[in-house]
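Taken together, the values in this text are just the output of simple stated rules run on the coordinates, not laboratory data. Being a predicted model, the structure only gives us computed values, none of them experimental. A quick note on method: Cβ atoms are made from the backbone with ideal geometry, for glycine too, and the neighbour counts reach across all protein chains shown.
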Amino acid sequence: MSINYNELIPNNVDLSDNRRLQRALESWQPHYLDWWREMGPDGFQNLDVYLRTAISVDAKGWANFGYVRMPDYRWGIFLANPEKDRTINFGDHMGEPAWQEVPGEYRGILRRLIVTQGDTEPASVEQQRYLGATCPSLYDLRNLFQVNVEEGRHLWAMVYLLHAFFGRDGREEADALLERRSGDADKPRILLAFNEKTPDWLSFFMFTYFTDRDGKYQLASLAESAFDPLARSCRFMLTEEAHHMFVGETGVGRIVQRACELMNEHDTDDIRPYGGIDLATIQRYVNFHFSVSCDLFGSEMSTNAANYYTMGLKGRYNETKKTDDHKLTHDQYTILEVDGDQVAPKQEAALLTINEQLRDDYIEDCQRGVDRWNKIIKRHGIDFELTLPHRAFHRTIGAFADIKAAPDGTIISQAQWDEQHHNWLPTEEDRRFVASLMQKPVIEPGKYANWIAPPARGINGQPIDFEYVKFS
Ligand code: BYC
Ligand code: FE
Ligand code: FE
């Protein structure tokens, strides 16, 4: 299905056939642009940025790269192609045809899921608003802006669903998505991680590695939804998500590489005097971003999640590849719980552990990238391993919210935590140091800040010294 770019709102949903919906979205559009100007990237809005724009939703649709001013980016409504005669793959409605409309009894709950998903997208743009001013290169600046415009597009995806299927309540929720603000005391974003700051580029790369990856797993679960327009929206969003995680993985990898180079060059672990970010600091950032992202999966035991599943609203990762009965009424699943002064495995009813099952898939995926970072370290002959902290570490949601745990999962006292946590989480001093490396933007084509290695290759086959953002 090709995308119609001749309309005010590019789309592949035949928007012009539904004049009421078209008009409603066209009246939301200027509010979106106001939000983008107010809360999107600070500065840089009049520069030409080498961005990709989807021209169709099949694999070849991504081949379109060109210079665009960000406010002129063609945000629109793109759903993956419909699957013919799609049926519901799990829960009470398994085997029935997928829904093209929202069943009345699930309206409130489905709207809430869509709003929660939609809320994260503008939140992340707000969190990343000031990073342009300290970019390590034009290549990285372009990647930041690519991520930002696509998160804006993800907001459009959810707003389309709200407008098209939820009537007046949906329109009100769409307006509210532009009113909440990341970190605002009075009108914060919904989920905790999206109210944290992303103050520097190490945080940005960690965020796109760990937090965008929550996006991947949540979107994959929603892509299984019985509500077909949601499933198709999320399917296409996942193709955009892959680039965000690539930015995170390669960004952290390049910082690790530069750290190793400086360690070898100066024969010391203490590379701060040479303007590198030491591996111990990188580990503390990993600990922070991994733990707050783990919280995004909700409680281990969740009747909400069980209901979403039974109702057919939100499935598991790769639902159709699983070989159980897709109802889970009799199955068990092992999760970790606090048992006295230890963290111990316990069997629970599988249906209640859907959140934890997704978190397990997520953690496994997180580990793969950490392994690749460790290969970089090993290749430099350095004896150090980055590790993911235990899932009980530094949690504020779920079974471990009320205890303190060391990164290895040992339960410790509050006093031990107070004494040790500066070794485990970024300190004020770490953050000040990282920020001190990132005082000025590096905007000369082909130049890279000293604390990060250049990428292995450029974007879309372009060289690494390409003018990814035009300042002239
Ligand atoms: N912060 O049964 P529970 C992305 C609340 S990221 C604050 O444990 P449930 C992106 C919960 O709402 C993907 N509150 O959890 C990435 C509930 O409240 P009520 C975002 C939280 O409901 C980077 C209570 O605690 N998408 O796309 O099973 C850049 C107990 O709930 C949190 C989605 O999240 C938290 N961390 O699951 C850009 C998908 N966790 O009912 C974008 C949609 C839980 O007591 N959302 N609570 O008032 C969902 O599927 C679910 O809402 C959650 C929570 C998985 C988040
Ligand atoms: Fe997104
Ligand atoms: Fe993303």
ask   = What pairs in LYS378/LYS447; LYS216/LYS314; LYS60/LYS322; LYS187/LYS216 have C-alpha atoms more than 21 Å from each other?
value = LYS378/LYS447; LYS60/LYS322; LYS187/LYS216
inquiry  = If amide hydrogens are placed 1.01 Å from N in the peptide plane, which non-local residues have theirs closer than 5 Å to the one on PHE227?
reply    = TRP99
ask   = Counting only residues 5 or more places away or on other chains, whose amide H sits under 5 Å from the amide H of ASN11 once H atoms are built in the peptide plane?
value = ASN4, ILE77
request  = Can you check what the net charge comes to around CYS294, using other residues whose Cβ is under 9 Å from the Cβ of CYS294 (Lys, Arg +1; Asp, Glu -1)?
outcome  = +1
task = Once you have a ≥ b ≥ c as the square roots of the Cα gyration tensor eigenvalues for the chain, tell me rounded if a/c is under 1.5, and otherwise prolate or oblate according to whether a/b is larger than b/c.
result = oblate
key: Added length on full extension, which subtracts the Cα-Cα distance from 0.36 nm per residue, ARG23 to ILE443   = 147.1 nm
note = Going residue by residue through segment 48-56, the Karplus relation 6.51 cos²θ - 1.76 cosθ + 1.60 with θ = phi - 60° gives ³J(HN,Hα) values, rounded to whole Hz and with x marking Gly or Pro, of 7, 10, 7, 10, 9, 10, 6, 10, 7
query = Taking 0.36 nm per residue of separation and subtracting the Cα-Cα distance, what length does fully extending ARG368 through LYS327 add?
reply = 11.8 nm
ask   = Once the piece of chain linking ASP184 and ALA435 is laid out straight, how much longer is it, given 0.36 nm per residue of separation minus the C-alpha distance between them?
value = 88.1 nm
key: Distance between segment 401-455 and segment 223-262 - C-alpha centres, whole angstrom   = 22
note = The answer for LYS404, listing residues at least 5 apart or on another chain whose modeled amide H is closer than 5 Å to its amide H, is ILE412
task = Round to the nearest 0.05 the FRET efficiency obtained for LYS470 and GLU38 when R0 = 25 Å and r is the Cβ-Cβ distance.
result = 0.55
query = Setting aside same-chain residues fewer than 8 positions from LYS440, which lysines have a Cα under 23 Å from its Cα?
reply = LYS197, LYS470
task = Could you work out how far apart the two model spin labels at ASP85 and ARG112 are, taking each label as a point 7 Å from the Cα in the direction of the beta carbon, and quote it in nm?
result = 3.6
key: Modelled label reach - ASN264, point 7 Å along Cα→Cβ, segment 436-464 residues with backbone N closer than 19 Å   = 450-457
remark   = In whole Hz, the Karplus estimates of ³J(HN,Hα) for segment 462-472 (6.51, -1.76, 1.60; θ = phi - 60°; x where Gly or Pro) are 7, x, 6, 9, 5, 7, 5, 10, 9, 8, 6
Mean separation of Cα contacts under 8 Å (6+ apart) over length of segment 59-174, as relative contact order % = 32
remark   = Rounded to the nearest 500, the 222 nm mean residue ellipticity computed for the chain from DSSP H runs (n ≥ 4, each -39500 (n - 2.57)) alone is -15000 deg cm²/dmol
ask   = What is the magnitude of the charge dipole of the chain about its Cα centre, with +1 placed on the Cβ of each Lys and Arg, -1 on the Cβ of each Asp and Glu, and no other charges, expressed in debye to the nearest 20?
value = 1200
query = Can you put VAL13, VAL338, VAL159 in order, fewest other beta carbons within 10 Å first?
reply = VAL338, VAL13, VAL159
